[in-house]
Amino acid sequence: MRCYRRCVMSWRSCTVYGTHRALLACGKPYSMLSLTCSGCGEIFTAGLPETAEAEKYNDRSRAIMALSRYYLGVPFYRLEAFQELIGVPVADATQWDQVERLANSVYPVFERLKYLGAQGEVIYQDDTRVRVLELIKANRQAETAATQGLGKAPERSGMYTTGLVIDYGEQRICLYLSGRQHAGENLDELLKQRDPALPAPIVMSDALAANGIDAEAIRVHCLAHGQRYFSDIETVFPSQCARVLGDFKQVFDNDFHTRLKAMTPEARLAHHQQYSEPILIELKSWLEQQLRDREVEPNSSLGKALAYVLGHWTKLTQFLRIPGAPIDNNIVERALKLVIRQRKNSLFYASEHSAYIASALTSLIATCIEAGVNALDYLVTLQRQRAAVFRDPSAWLPWNYQT
């Protein structure tokens, strides 16, 4: 106050500056006038109104940034342009800093979900491609070193995001894991945390070798993938495909009926054994006859479709023998749309660290959706209860955090 009293007579010559304080929770910028004393150069800045929070980016702001990036799939640079458009500028680097701060509060829950997922009864798995600039750079350096005779070429250059949808009791957990490992390798790593006293889980996937695992499990293959082989060539082989697709449709209709009636796993199994098994037994005999009587060229697209279905028949029809065995892998393919949306809009992750943060936040958001929970409220609550979350992540899962 001493400076103010000495320079009060020269107050008129002070220069006025404007600064902005962006509060994304309400989307309202506050301009705080700054006055510079012409006598000593000291700056006096007005305070915020009582309605404004002291923190520039609050918990809700960070949650909105995360949902925009990892649910809507909008890249940070595009969000930056949008914020500029509405008069609340937030740089893309600032958004990343805030999202990283959010992830620092919630990652213990992600790790706990991975542990609980390892104890699940039914696990759906699938892969999609991802780009990680840090790994791409490592690939190029290794290839350059190999061409100069200074090292070996990388054994694996691909990058993948594995989607795992897991039925854990009455809850459904969604997990995303990004890196060099395939779905089978990621699932093997996850199942190392499984309680040895539990029975082997049911694992649903397509028949790709990348989905194979070493851990003990009951393997089930997706009947919808077998159906797709024939629907893709229906215009070329209309009569043969019509027979197969017609039979598959009846089986899928039967499964829809079991879900509509909310049947127990045992009742569903009995229903399929009564109505679906006769259809599939007859279909299998017909498919074998087509190849045996040389009605189909084995190397044609139709012959390959028949060979795929017959070669994986047991795993494709596990729902006729095992209670609770799913009939298709559609649920995890739908779940992977979240990361495919991000890939189409944002193209890549900068590093393995940013890929981990994306996996953690996308997993929490997707699990909230499955649990019917408000993801925004959930992410805000985890930040505000950070100390409690670190003490006991099991108490802060999407389906129990409100209690």
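The set of residues in the stretch 285-305 that are outside any helix (DSSP H, G or I) and closer than 16 Å to Val244 by Cα comprises Glu295, Val296. Looking only at the stretch 244-284, residues that are in a helix (DSSP H, G or I), open to solvent by 60 Å² or more (accessible area, probe 1.4 Å) and without any contact (Cβ under 8 Å) to a residue 40 or more places away in the chain come to 13 in all.
Look at the stretch 288-302: where a residue is within 15 Å of Tyr229 (Cα to Cα), no partner that is open to solvent by 30 Å² or more (accessible area, probe 1.4 Å) and among the small types (Gly, Ala, Ser) sits 6+ places away or on another chain with Cβ atoms under 6 Å. Across the stretch 138-161, the qualifying residues are those that are among the hydroxyl-bearing types (Ser, Thr, Tyr) and assigned to a helix (DSSP H, G or I), and the one among them that is most open to solvent (accessible area, probe 1.4 Å) is Thr147. Scanning the stretch 315-338 for residues that are assigned to a loop (DSSP other than H, G, I, E, B) and in contact (Cβ under 8 Å) with a residue 60 or more places away in the chain turns up Thr317, Ile322, Gly324, Ala325, Pro326, Ile327, Asp328, Asn329, Leu336.
Suppose the filter is more than 17 Å from the chain's Cα centre (by Cα), of a type outside the set (Phe, Trp, Tyr) and not in a loop (DSSP other than H, G, I, E, B); does Gln383 pass it? Taking the combined requirement at face value, the residue satisfies it. Cβ-Cβ distances below 6 Å connect the following pairs, each with a first residue in the stretch 224-237 that is assigned to a loop (DSSP other than H, G, I, E, B), a second residue that is open to solvent by 30 Å² or more (accessible area, probe 1.4 Å), and a separation of six or more residues or different chains: Ile233/Ser301. If you filter the stretch 386-403 down to residues that are of a type in the set (A, V, I, L, M) and part of a helix (DSSP H, G or I), you find that the one that is nearest to Arg131 (Cα to Cα) is Val389.
If the condition is being buried (at least 22 other Cβ atoms within 10 Å of the Cβ) and either in a helix (DSSP H, G or I) or β-branched (Val, Ile, Thr) (or both), then the stretch 339-364 contributes Val339, Gln342, Ala355, Ile357, Ala358, Ser359, Ala360, Leu361, Thr362, Ser363, Leu364.
Scanning the stretch 187-220 for residues being in a helix (DSSP H, G or I) and either without any contact (Cβ under 8 Å) to a residue 60 or more places away in the chain or open to solvent by 70 Å² or more (accessible area, probe 1.4 Å) (or both) gives a total of 3. Selection within the stretch 365-374: residues that are open to solvent by less than 70 Å² (accessible area, probe 1.4 Å) and within 14 Å of the chain's Cα centre (by Cα). The member of this set that is farthest from Glu170 (Cα to Cα) is Ile365. Look at the stretch 347-358: where a residue is of a type in the set (A, V, I, L, M) and a partner is surrounded by fewer than 17 Cβ atoms within 10 Å (Cβ to Cβ) and not in a loop (DSSP other than H, G, I, E, B), sitting 6+ places away or on another chain with Cβ atoms under 6 Å, you get Ala350/Leu133. Take the residues of the stretch 382-394 that are open to solvent by 40 Å² or more (accessible area, probe 1.4 Å) and hydrophobic (A, V, I, L, M, F, W, C): which is farthest from Arg60 (Cα to Cα)? In this case the residue turns out to be Phe390.
Only one entry of Asp293, Asp255, Asp214, Asp247 meets the criterion of being of a type in the set (D, E, K, R) and closer than 18 Å to Ile123 by Cβ, and that entry is Asp214.
Of note, Arg180 satisfies the criterion of being surrounded by 16 or more Cβ atoms within 10 Å (Cβ to Cβ), within 30 Å of His353 (Cα to Cα), within 29 Å of the chain's Cα centre (by Cα) and among the charged types (D, E, K, R). Residues of the stretch 335-352 include none that is out of contact with any His (no Cβ under 7 Å at 6 or more places or on another chain), of a type in the set (D, E, K, R) and within 14 Å of Leu102 (Cα to Cα).
The values are calculated or read from the model by the stated rules, or taken from the named source; none is laboratory data. As the structure is a prediction and not an experimental result, all values here were calculated from the model. Note that we place each Cβ from the backbone using ideal geometry, even for glycine, and neighbour counts take in every protein chain shown. With ligands, DNA and RNA removed, areas are computed over all heavy atoms of the protein, side chains included. Shrake-Rupley method; radii C 1.70, N 1.55, O 1.52, S 1.80 Å.
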